[in-house]
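S.K.: The structure's right below; bear with me while I get my questions together.
The values are calculated or read from the model by the stated rules, or taken from the named source; none is laboratory data. If you're wondering where the values come from, they're calculated on a predicted model, not measured in any experiment. Because the Cβ atoms are built from the backbone with ideal geometry, glycine has one as well, and the counts that use them run over all protein chains shown. In case anyone asks, the SASA skips ligands and DNA or RNA and just uses the protein heavy atoms, side chains included. Shrake-Rupley method; radii C 1.70, N 1.55, O 1.52, S 1.80 Å.
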Amino acid sequence: MENSTYKVYEDEIQLLEEEIKLLAEKYDDVKQESTFYSNEEILTSIKLFQREFQGESKGQECPSDLKAQLESLEREISFLMKFTGIQFTSHSKKTLEKNENRTVQKHRLSGNCRSLPFQLEFQLLETRNKENVSAVITDLSIVMESGEYSDLSKFVSSTEEHGNLLLFFRSLSSYAEWYEHRRCTFLHFKAKYPDIVALPEGQLGDYIILRNPKLSGFELMIVWKIHIDEEGRTTPVLDLLTKVPEQVLEQKMGPIENAPTCFRSMLLLFGIETTIENLIKVTGLEK
């Protein structure tokens, strides 16, 4: 009887030990999860800390070194946000493996580069020996919202394959700057010449249409692509397409066939904005 009772207690103790072990593992996972605050939240926290610290230190000598460090950090974060356009909105990490020689962590990042949202997921493998510590990124996955950024698709695939996060952020910053410049340029000319300029795909499209209200069927399409190669080099590529009715061709109204070549030459001489505006003015002529 006593043996059977002890056996029951031993079984219960073993079950409790296993449950405790599982709970301890879950607790470790929760502790290892961390949240990364956005740059704006960090700046707000710095300013809040400064105000609280100044209030608590009234009548006491202010440790100028700490204050200087906070101000320097604030300037650096503001500079990086303005210079790169990159803002992180969330970050989490989870330790998958950890021992004396290696650590494997899974990271998730999301944020915006100017007006372009992005999401990242990757594993960071750190290996240690007596001499140094090395880190390698594996299983990189990059998500850009919808198919609006088709120019980026090949570059993103190449970056995922090579796991080069530095190249991704550097090139994304350059791409997003051109993307925003194109959007603002199209909106500017649409507002300035509303009767001539049309944006069929809205402000995020990669082309505009120029029409003469008094010349039915005559259209010029300015296509503005942003090319980014597998090495992250970003280049704006503009071209001109024409749509001319037959009656206009019969009247021999200018060298229409040479218009795309002339357009590319003007881009080299005058730049993007001046070339587009001159083309808009020519399109709007009555004769």
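S.K.: How far apart, in nanometres, would the label points at K98 and I256 be if each is projected 7 angstrom from Cα along the Cα-to-Cβ direction?
M.R.: For K98 paired with I256, the spin-label model returns 7.1 nm.
S.K.: In what order, largest first, do K243, K94 sit by accessible area if the probe radius is 1.4 Å? The partial results should precede the final answer.
M.R.: Details: K243 115, K94 80 Å².
Highest to lowest solvent-accessible surface, that is K243, K94.
S.K.: Further question: Skip the ligands, DNA and RNA, and give the accessible area per residue of the range 182-227 with a 1.4 Å probe, whole Å². Walk me through the intermediate numbers first.
M.R.: Details: 2210 Å² over 46 residues.
Heavy-atom SASA per residue in the range 182-227 reads 48 Å².
S.K.: What is the distance in Å between the Cα centres of the range 102-125 and the range 224-246?
M.R.: Each part reduced to its Cα centre gives a spacing of 30 Å.
S.K.: S115: net charge of surrounding residues, Cβ under 10 Å, Lys/Arg +1, Asp/Glu -1, itself excluded?
M.R.: Values: positive: R114, R183; negative: E180.
Around S115, the charge tally is +1.
S.K.: Any chance you could look up the accessible area of R211 with a 1.4 Å probe, heavy atoms only, rounded to 10 Å²?
M.R.: About 100 Å², ignoring ligands and nucleic acids.
S.K.: Roughly how many percent of the accessible protein surface of the range 93-144 is carbon and sulfur, given a 1.4 Å probe and a whole-percent answer? Please list the in-between numbers first.
M.R.: On the way: 1380 of 3180 Å².
Its accessible area is 43 percent carbon and sulfur atoms.
S.K.: Calculate, in nm to one decimal, what V143 and H227 gain on full extension: separation in residues at 0.36 nm each, minus their alpha carbon distance. Let's see the in-between values first.
M.R.: Numbers: separation 84, 0.36 × 84 = 30.24 nm, distance 1.86 nm.
Fully extending the segment from V143 to H227 adds 28.4 nm.
S.K.: Within the range 97-122, name every residue whose backbone N is under 14 Å away from a label modeled 7 Å from Cα of N129 along the Cβ vector.
M.R.: Under 14 Å, as judged by backbone N against the label point of N129, lie 101-102 of the range 97-122.
S.K.: Hey, another quick one. Could you work out the local net charge near I222, counting Lys and Arg as +1, Asp and Glu as -1, over the other residues with Cβ closer than 15 Å to its Cβ? Each step should come with its number before you reach the end.
M.R.: Numbers: positive: R182, R183, K190, K192, R211, K225, K243, R264, K281; negative: E201, D206, E219, D239, E273, E277.
After counting each charged neighbour, the total is +3.
S.K.: Take C113, C262 and sort them by solvent-accessible surface of the protein heavy atoms, 1.4 Å probe, largest at the top. Don't skip to the answer; put the middle values down first.
M.R.: Details: C113 0, C262 70 Å².
Ranked from most to least accessible, the order is C262, C113.
S.K.: Ranked by accessible surface with a 1.4 Å probe, highest first, in what order do L73, L16, L199 come? Walk me through the intermediate numbers first.
M.R.: Working: L73 75, L16 100, L199 35 Å².
So, going from the largest accessible area down, we get L16, L73, L199.
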